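Participant: Quick one: this structure, given as structure tokens, is what I'll be asking you about.
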Amino acid sequence: MSNQKEEKLHATNHYLYYPDEEDIPPYLAYGFRPIFLLLAPYFILSMALWGLVWSGYLSIPFIDNVLQWHIYEMLFGVLTAGVMAFLTTGLPELFPGMVPLVGKRLKYIMILWIAGRVSFWLIDITGVYLTAILNLTMLAWLIWFAKDVVLDKLQRHASLGYTLVVIFAVEVWFFASVLGWSESNSMSILRVALGAIVVLILLAMRRVNMEAVNELMEDKEIDDIYISHPPLTNLAIFAVTLYTIVGYFYPTNSALGWIALASGASIIAITSDYNLKDKFILNQPYVIYLFWIFMLFGLGYGLIGWSILFNDANGVSSFRHFITAGGLGLAYLMVMITIGWIHTGRHLTSNIYTHFMVFFIVLATFMRGLIPFFEEYSTQLYLWSAIAWVLPFVLYIKVFFRFLLTPRIDGIKG
Amino acid sequence: MKFFLKILKDFPAYLWSGWGAVASILLFIAFWDVGNQIYGNLVLPSPLETFKTLYAMLHSKDILEQIDITLYRASVGFGLSLLFGSVLGLIAGFFATASMMSRPIVTILVGMPPIAWIVLAMIWFGMGDETVIFTVVVASFPIIFVGALQGTRTLDGELKEMADSFAFPWHMKFIDVYFPHIFSYIFPAWVSGLGMAWKIVIMAELLATSDGMGAELAIARSQLDTPTALALVTIMIGSLMFIEYIILEPIKREVELWRV
Amino acid sequence: MESLEVKHLTHHFGFTEILHNINFTLKKGEVVSIVGPSGGGKTTLLHLCAGLLDVAEGEVNNSFKTTAFAFQEGRLLPWKNVIENIAIALLARGEKKSVAIQKAQEIALKFGLEEDDFEKFPKDLSGGMKQRVNFARALVVKPSLLFLDEPFSALDIGLKRELYTHLIESCEENDMSILFITHDLIEAIRLSDEILLLEADPGHIVKTFKYDSPKEKRDDAFVYKESAKIVQDKEIIETFKLNTLELK
């Protein structure tokens, strides 16, 4: 690989200005670095903690609703980290005038995120108010950071910003219902939050997808262009939004079942863009990885629809893991892997480790999601699926932490 | 041969691209379900109930026989239209006089409502296969005829000249210069002719015969058996969609790759 | 000796006389161009010579063994890809398919098309690429006489020069003759042994110009010098109505 090519990759449209702060350690040199350094261990740690909580070894009463807080943390707690990585890395690229967030400022934000996590696990001691304030502040700051996106005259990526605002409102609503200021059922609110987050992921994936796949093709000298067509994404967003709203008001209505099936089909439809006009790319590992995000989302909504139509409430909550543990989990993992390669100055590479990371997430999802079909093994499946789900992040630490802890290998700052 | 292999090779990708369509159909079914919840089972049975009826139907020998009868009538009628429409249309297209003469006649054929043809056919042929087949032919023949006529009328004189300048033998002129152009007109006409045939055959059966799917539909109506009626409608739409999107559309795409 | 002889050729479309008493001879290895203003019957004359129109009055005797035609607008078969479009000229001559495809690929590469383009349909080609295919199709049959109907008129100068070179090479290598029509005097001077000046209403030849120097040695200086000379010519000025400025 020639040097010239190395230069070309991601040096040019990265950012126009890099802050001239002195002595920035590598792990604070760009937004994604500290987040991934914390997020991967946090996934492992929190799964271990949940395992202990669920099995009764650890007693955190979580204001008498463990399940609700488990969902809260896996949605909002993780979301802020993922969104932050996406925004701090992606925005300076989409809006070249923007100054990247690095060094001290980055450190303070990370401390805020850590404080949010600590306050969550100590919620029985420190109380809901502190958790609410810390976590809402974190999300509010993210929205503030992304304000350029919403104010952009061309509104190219404004939908991301609006969706974040909606998610913020839902989080406020959730805390309001927990604190008794709102009559709404907080579990229903979390389901709304899941819908909003899926929409956000679909919007973000459209951009990640195009960047990663085209980067890959350029790298392999495949002469074609991959375009993720907005109408397909928009149809999926419409269906998911409809499902979320109808699901809040009529969670067991048969029409909701059909809408869920439609949501599943419309999300899978997004993958038809991978079939390019001239070249065949479905044999490229990264395309397969990204493909599975949509498949897991689609399967999740489809199976949920089926369960609603046949009044199987148990199935609905199990199959939801295709969306959460599967779709969301794999989406986070893919963002971590792609950014981990490209933005540390490397080529988007697939190897046995990346194969296994993706494989284990998918495997864990199927083990967890298909429990209704194998009730007699449910205890084993709970345990093994949790372990399989954590493995990719262990591998992530092994492969990527040295990239995150050292400067970019192409010598560019960031 | 190579051509069919190409169709088969592209088929999975084509099929996969149908997910968006599946999604919008499912959303439509969701609206149907809402309609059922508002108006009740008698007026509009739920989609799930309809599909259950449909499933039971497809396992009953009696209904399959009726479908057979309808298929027979539709295929004979459409086959005749296809044959005569294409051949006569091509001939008419090659002669300016013939095409000039045929236009007003086609307008009359197209303009006459099919229901009027059914009444006439019932007087002429009585209640039976002939009436239905005749109506199908009368309805879909003009569509195919016009397609073939347009195809031949619009042949490109410049390409003919090019073929002459390279002294193409006659069979090459036909296969490589005329045929692809004519086919690009006549094939869509076949597709819409087929759609027409399928709709008309049901209507004609409903009015003029005691067997076939149309007749079944009439019976379901008289017994206020809405689930059966809707299941029959589902069969009709389903089979038409199958023929159009699973069989014809992939062929059309391959044939018209050069166009879009 | 192969040749194309045109004697006392007159042609009518309906009651309008298009061509009046045309006489000239094109000998083996020669390049003859017909220049004249648009609407002067150039294309009609070329089509008569190529046998695309029936000769009614006068004679056209073509004893060249093989002829080919390159049209102004490409005229590629839209349902055939690049290679098939080139190969079809060979297939029409009864060449075996595999041989035709191979020859087509060779000449396509020679004419600056890339392997990635081979499967493309004309709708996906740029104007310049279409014209490359057009030329490749005409030259793949190694014609002893090539008819050109202003095929350069919509091309950029770079591509024009490239195609000129291909033509001159073919003339040298295969002793090919060319009859071509153009309204571009510079082009005519660069390529022709003889230029026939065709005046309109009805089309008739008013003058012929001969150029003897070898074509591959005609550099820009030569071409511009000669074209500067030719636009001073009285017949040229009248035929192309070059004096309209003075009229004002």
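The values are calculated or read from the model by the stated rules, or taken from the named source; none is laboratory data. Predicted model, so just to flag it, every value in this text is computed and none were measured. Every residue, glycine among them, receives a Cβ derived from its backbone with ideal geometry; neighbour counts consider all protein chains shown. Heavy atoms of the whole protein, side chains included, go into the accessibility calculation; ligands, DNA and RNA do not. Shrake-Rupley method; radii C 1.70, N 1.55, O 1.52, S 1.80 Å.
Participant: Can you tell me which residues in the range B:154-176 are part of a helix (DSSP H, G or I), open to solvent by less than 40 Å² (accessible area, probe 1.4 Å) and more than 7 Å from chain C (Cβ to nearest Cβ)?
Facilitator: Residue satisfying the conditions is B:Ala163 alone.
Participant: Here is a further query. Quick test for you: out of B:Phe3, B:Phe78, pick the one residue that is loosely packed, with under 12 Cβ neighbours inside 10 Å, aromatic (Phe, Trp, Tyr), under 30 Å from B:Glu256 (Cβ atoms) and more than 12 Å from chain A (Cβ to nearest Cβ).
Facilitator: B:Phe3
Participant: Turning to a different aspect of this structure: Can you find even one residue in the range B:60-81 that is over 20 Å from the mean Cα position of the chain (by Cα) and of a type in the set (Gly, Ala, Ser)?
Facilitator: Yes.
Participant: If you don't mind, another one. What pairs come out if I take residues in the range C:122-143 that are away from chain B (no Cβ under 13 Å) and pair them with residues that are open to solvent by less than 20 Å² (accessible area, probe 1.4 Å) and acidic (Asp, Glu) whose C-beta lies under 8 Å away, six or more apart or interchain?
Facilitator: Note: pairs meeting the criteria are C:Met129/C:Asp117.
Participant: Let me ask another. Limited to the range C:207-217, what total is found for residues that are closer than 22 Å to C:Asn23 by Cβ and open to solvent by 50 Å² or more (accessible area, probe 1.4 Å)?
Facilitator: 4
Participant: Then there is this: When the range B:17-44 is examined, which residues are found to be away from chain A (no Cβ under 12 Å) and open to solvent by less than 70 Å² (accessible area, probe 1.4 Å)?
Facilitator: B:Gly40, B:Leu44
Participant: Moving to a separate point now. Would you call A:Asn3 of a type outside the set (Lys, Arg), touching a helix residue (DSSP H, G or I) at 6+ places or on another chain (Cβ under 8 Å) and modelled with pLDDT under 70?
Facilitator: no
Participant: Which one is farthest from the other protein chains (Cβ to nearest Cβ), of the residues in the range B:45-69 that are without any contact (Cβ under 8 Å) to a residue 60 or more places away in the chain and open to solvent by less than 50 Å² (accessible area, probe 1.4 Å)?
Facilitator: B:Ser60
Condition check ((1) within 19 Å of C:Ala68 (Cα to Cα); (2) assigned by TED's automatic domain parsing to the domain that holds C:His166; (3) open to solvent by 60 Å² or more (accessible area, probe 1.4 Å)) across all residues:
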position	(1), (2), (3)
C:Ser98	no, no, yes
C:Ile101	yes, no, no
C:Leu109	no, no, yes
C:Glu114	no, no, yes
C:Asp117	no, no, no
C:Phe121	no, no, no
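Participant: Within the range A:299-312, count every residue that is more than 14 Å from chain B (Cβ to nearest Cβ) and either more than 16 Å from A:Arg368 (Cα to Cα) or not in a helix (DSSP H, G or I) (or both).
Facilitator: The number of residues fulfilling the criteria is 0.
Participant: Further question on the same structure: Which condition number does C:Leu48 fail, the rest of (1) modelled with pLDDT of 90 or more; (2) open to solvent by 20 Å² or more (accessible area, probe 1.4 Å) being met?
Facilitator: Checking C:Leu48 against (1) modelled with pLDDT of 90 or more; (2) open to solvent by 20 Å² or more (accessible area, probe 1.4 Å), the one that fails is (2).
Participant: Another question, then. Are any of the residues in the range A:261-275 farther than 30 Å from A:Asn351 by Cα and open to solvent by 10 Å² or more (accessible area, probe 1.4 Å)?
Facilitator: yes
Participant: A further question on this structure: Name, by its number, the condition in (1) touching a residue at least 60 places away in the same chain (Cβ under 8 Å); (2) within 30 Å of C:Lys80 (Cα to Cα) that does not hold for B:Ile133.
Facilitator: Failing condition for B:Ile133: (2).
Participant: Determine whether the range B:139-146 contains at least one residue that is open to solvent by 60 Å² or more (accessible area, probe 1.4 Å) and closer than 27 Å to B:Glu244 by Cα.
Facilitator: The answer is no; no qualifying residue exists.
Participant: Being under 17 Å from the mean Cα position of the chain (by Cα), among the small types (Gly, Ala, Ser) and surrounded by 15 or more Cβ atoms within 10 Å (Cβ to Cβ), is that true of even one residue in the range A:174-184?
Facilitator: no
Participant: Given the criterion in contact with a Gly (Cβ under 8 Å, 6 or more places away or on another chain), among the hydrophobic types (A, V, I, L, M, F, W, C) and surrounded by fewer than 23 Cβ atoms within 10 Å (Cβ to Cβ), identify the matching residue among A:Leu383, A:Leu363.
Facilitator: A:Leu383
Participant: So which residues in the range A:276-298 are in a loop (DSSP other than H, G, I, E, B), within 14 Å of another protein chain (Cβ to nearest Cβ) and either closer than 19 Å to A:Thr354 by Cβ or in contact with an Asp or Glu (Cβ under 9 Å, 6 or more places away or on another chain) (or both), if there are any at all?
Facilitator: Listed by number, the residues that qualify are A:Leu276, A:Lys277, A:Asp278, A:Lys279, A:Ile281, A:Leu282, A:Asn283.
Here is a yes/no grid of residues against (1) assigned to a helix (DSSP H, G or I); (2) of a type in the set (Phe, Trp, Tyr); (3) within 13 Å of chain B (Cβ to nearest Cβ):
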{"position": "A:Met217", "(1), (2), (3)": "yes, no, no"}
{"position": "A:Ile222", "(1), (2), (3)": "no, no, no"}
{"position": "A:Ile227", "(1), (2), (3)": "no, no, no"}
{"position": "A:Leu232", "(1), (2), (3)": "yes, no, yes"}
{"position": "A:Leu235", "(1), (2), (3)": "yes, no, yes"}
{"position": "A:Gly247", "(1), (2), (3)": "yes, no, yes"}
{"position": "A:Ala255", "(1), (2), (3)": "yes, no, yes"}
{"position": "A:Ser272", "(1), (2), (3)": "yes, no, yes"}
